[in-house]
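Report on the structure given below.
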Amino acid sequence: MNVAARIRNRIAEYPRTLWLLAVGSFLNIAGMSFLWPLNAIYIHEQLGKPLTVAGIVLLLNSAGSTVGQLTGGFLYDRLGARPVMLTGLFSAAAVIALPAIFGSWPLYVTAMVLFGFCGALAFPAMNALAAKAWPAGGRRAFNFLYVANNLGVAFGTAIGGIIAERSFGFAFLAAATMLFIFGLFAFRFIHDRPGIPVSADAARTLAAPVAPEGSVPWVPIIALFSALCLCWLVYVQWQGVVSVHMKDVGYDLSAYSVLWTLNGLLIFAGQPLLAFAVRHLKSLSSQMAMGAALFAVAFALLLAPSHRYGLFIASMVVLTFGEMFIWPVIPAAVARLSPPSRRGSLQGLIGSGATLGRMLGPLYGGLLYDHFGYPTLMTTSVAVLAVPLISIAVYARTRRGREVVDAGAD
């Protein structure tokens with residue numbers, strides 16, 4: 001078989017709807033990534049506010065995002081993906097363009113809260129639609145979107161920094177433009193109604209296991225919610241406190257940025273190794289447990305008394321493989337647990353758990369770092385990761401006897 005035929009076969013493995021969602025995910029995350037690394041700098045340097053105030057604004061943005069996740073999932077179950085995505089994307093584009101036009105501080109704060117809400121509306125709809133488009137895809141469907149998201153992050157952060165050097169206003173407009181383009185893309189290609197298969201791609205996999213209608217299995221859902229929330233609570237320390245610590249021990253910001261470049265490259269290039277590992281860790285619960293355990297190892301490495309750069313590289317490599325195991329698998333597990341009529345709301349709920357962890361993480365990290373120091377924070381973080389492992393064990397216990405079905409979809 002020649003290379004072209006192999007590529008065509010590889011492309012054909014994934015439903016057309018999933019490819020469309022992957023393109024949309026790239027555009028969506030790229031647009032948001034124009035801003036998220038720059039917000040604190042913009043608030044502090046351009047608007048003249050202290051970093052504490054910047055942290056409060058970002059907290060409010062995350063709170064808006066949490067509400068948006070829940071609302072988006074609720075609306076998906078009643079209206080379908082298309083109206084929810086279009087409303088969220090066009091509203092987010094309009095809102096984030098306002099700070100580029102008006103320099104008002106109160107307007108900026110209001111815009112960030114609304115942007116968090118509007119921008120989050122589309123996420124549960126996209127996850128729910130991915131599960132609906134490829135019921136047999138399992139982890140692979142969500143991993144596909146996860147890789148597309150990370151490519152969007154790499155593109156958005158790289159281009160956003162270049163644009164912001166010229167003007168922060170241009171960065172806001174660029175983000176609005178990307179979201180508007182995704183809105184047009186969704187308007188043209190996303191066609192979905194509640195309860196109706198999105199395409200023939202879904203029809204050929206309807207034999208895949210799907211939770212029956214009826215009551216929601218709340219015990220495993222809440223277990224996964226808590227696991228995801230606490231994993232994110234710890235994970236974001238790498239985005240905040242670790243950068244401060246590296247600067248304190250003599251590394252500049254470029255050395256820190258290189259580690260996140262490594263993160264993005266590993267997520268893309270490490271997929272064959274991940275696929276090999278998944279063939280041996282066949283159940284979703286074992287994959288999630290591996291991810292949480294790798295997180296614990298990554299933060300344990302940061303406890304070493306040595307401040308050699310190689311330790312930070314090793315920690316980032318382990319952390320990256322940990323997230324590759326756990327981030328796509330939890331929404332895939334929730335999709336297996338979700339009755340069709342609750343698919344969107346439960347994806348919204350689990351997405352809000354991730355947002356809640358990202359919201360509380362900086363507060364948790366800042367308090368421990370300021371009052372007890374870096375070693376205490378790292379030690380506590382390793383200990384906290386025992387709770388997700390217990391939660392995953394609770395999920396696995398509720399799924400005993402059905403995990404082979406879950407694995408077979410992957």
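Values in this text are rule-based calculations from the coordinates and carry no lab data. Note that the coordinates shown come from a computational prediction; the quantities given were computed from them, not determined experimentally. Here the Cβ is made from the backbone with ideal geometry for all residues, glycine too, and neighbour counts use every protein chain on show.
Calculated from DSSP H runs of 4 or more alone, at -39500 (n - 2.57) each and per residue, what is the 222 nm mean residue ellipticity of the chain, nearest 500? Show your work: numbers first, answer last.
Details: 20 runs with 318 residues, N = 410.
After summing the helix terms and dividing by residue count, I get -25500 deg cm²/dmol.
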Checking rank on 260-271, 175-186, with mean other Cβ inside 10 Å and highest first, the result is 175-186, 260-271
Convex hull projection area averaged over all views, the chain, Cα basis, nm²: 19.8
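Considering only DSSP states other than H, G, I, E and B, which trypsin sites (Lys or Arg not before Pro) in the stretch 254-335 qualify as loop sites with at most 13 other Cβ atoms within 10 Å? Before the final figure, lay out the partial values.
Numbers: sites: Arg279, Lys282, Arg308; in loops: Lys282, Arg308.
The qualifying sites are Arg308.
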How many angstrom lie between the Cα centre of the stretch 330-397 and the Cα centre of the stretch 113-161? 18
Using alpha carbon centers only, the stretch 23-65 is separated from the stretch 300-323 by a whole-angstrom value of 26
